[in-house]
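Below: the structure, in structure tokens.
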Amino acid sequence: MTKQFLAGFFSVGMLSAQSVNLAGVWKADLQQSTIPGPPLKEYVEIIEQKDIHVLETIGITGPHGDQRAAVAFTTDGKPTIARFNGVPSRLTAVTEGSGLSLNIETSGRPDAMHRKYELSSNGQKLTLTVDGSSNGHNVHMVYALLKQPDSAGDALRRPEAPASERFKNLKTDLKTLPASDFINHMRYYAWALNKDCEFCHVQGHFDADDKDEKRTARRMIAMVASINQSNFEGKPEVNCYTCHEFREHPQGRPHFEGEPEHQHHPEEHAANVHETAPAAH
């Protein structure tokens, strides 16, 4: 009888733990929130939840216009590998009391983030606390989110303007992407080469074509798109990291100990030509 009672109690507890549902449209009370950086004009997010599957769509209006982000994960404690803000990440979420706990780890980097969602007893307030590290800087944010009518998410559900309408001097096919997807691609390139934005862009004048690196990047974007289209039916099987692996220049072979990362060796090239060239007749 005791075993049956404990088993029943445990089952009810598990059912209760899995029943936390954060679905709805939420808007930040900016006066009650702690958000470092330039002040935001608006922060709205839509949380869609079905069983263990969660999709969080975020819309931010700030000094640089509208921005969007989306994150999908499961609440069963099993990791999901996906891109978060454009960067390959591992997301692991579990139910905790009246909310959720989500850990986000950046692939190949020590950066990590913990997002804790706490739902009020009346279901009308959601407190989102974000702690972690990014590029060597500690991050702490608290969003006081208030439940909104479903119609408050209509603007966030509408298709986003293409990058070509938001940014100047775009010359690759990426200009047709939604603006936030375009920015995520830029974040991915920086991650894959282990560089910051100013490696290709002039600080404060991102539309300028002054840097050779920017012109090279455009050629590489076209090259990767062509490879995937010709060999993988357009699927992004080949990308920047495939060759760069966090380096400025792709490497043709492993380095010897103590060897600089990138050097051109004419004598090595000549030896390769000699070895592979057909014999003269």
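The values are calculated or read from the model by the stated rules, or taken from the named source; none is laboratory data. It should be emphasised that the depicted structure is a prediction, and the values quoted were computed from it without experimental measurement. Ideal geometry is used to build each Cβ from the backbone, glycine not excepted, and the neighbour counts take in all protein chains shown. Heavy atoms of the whole protein, side chains included, go into the accessibility calculation; ligands, DNA and RNA do not. Shrake-Rupley method; radii C 1.70, N 1.55, O 1.52, S 1.80 Å.
Side notes on the structure shown:
- Each residue, Asn239 and Glu118, gets one label point 7 Å from its Cα in the Cβ direction; the gap between the two is 3.5 nm.
- Euclidean distance between Cα centres, segment 40-97 to segment 171-195, Å: 19 Å
- Accessible surface of Glu96 - all protein chains present, 1.4 Å probe, nearest 10 Å²: 80 Å²
- For Gly62, distant residues with modelled amide H under 5 Å away: Lys41, Gln67
- Accessible-area value, Leu193, 1.4 Å probe, nucleic acids and ligands omitted, Å²: 30 Å²
- Ordering Leu30, Leu102 by accessible surface, largest first, gives Leu30, Leu102; the 1.4 Å probe counts only protein heavy atoms, with every chain in place.
- Surface accessible to a 1.4 Å probe, per residue, for the residues of segment 155-232, Å²: 63 Å²
- Nonpolar atom fraction for the chain, defined as the carbon and sulfur part of the 1.4 Å probe accessible area, stands at 55 percent.
- Residue-level accessible surface for Asp181, protein heavy atoms, 1.4 Å, Å²: 70 Å²
- The candidates Ser121, Ser89, arranged from most to least accessible area with a 1.4 Å probe in the full protein assembly, appear as Ser121, Ser89.
- Computed E for Ser164/Lys195 - FRET, C-beta separation, R0 22 angstrom, nearest 0.05: 0.35
- Karplus-derived HN-Hα couplings along segment 133-147 (A = 6.51, B = -1.76, C = 1.60, θ = phi - 60°), whole Hz, x at Gly and Pro: 9, 8, 6, x, 10, 6, 10, 9, 9, 10, 10, 8, 9, 10, 5
- Of the residues Ile35, Ile227, Ile104, the one that moves most in a GNM of the chain with alpha-carbon contacts below 10 Å is Ile227.
- Value of relative contact order over the chain, rounded to a whole percent, pairs C-alpha under 8 Å and six or more apart: 12 percent
- Surface accessible to a 1.4 Å probe, per residue, for the residues of segment 27-115, Å²: 52 Å²
- Gly132 long-range amide H proximity, modeled H, under 5 Å: His114, Val139
- Estimated 222 nm signal from helices in the chain, with DSSP H stretches of n ≥ 4 weighted -39500 (n - 2.57), rounded to 500: -8000 deg cm²/dmol
- Under the Karplus curve 6.51 cos²θ - 1.76 cosθ + 1.60, θ = phi - 60°, whole-Hz ³J(HN,Hα) for segment 48-63, x wherever Gly or Pro sits: 10, 9, 9, 6, 8, 9, 10, 10, 10, 10, 10, x, 10, 10, x, x
- Put simply, the amide H of Glu160, placed in the peptide plane, has no neighbours under 5 Å, leaving out anything fewer than 5 places away on its chain.
- Listed values (1) 14.0; (2) 15.1; (3) 23.7 include one computed from this model; for mean projected area of the Cα convex hull in nm² that value carries the label (3).
- Along segment 83-98 the Karplus relation, 6.51 cos²θ - 1.76 cosθ + 1.60 evaluated at θ = phi - 60°, assigns HN-Hα couplings of 8, 10, 6, x, 10, x, 9, 10, 10, 10, 10, 9, 6, 9, x, 9 Hz to successive residues, with x for each Gly and Pro.
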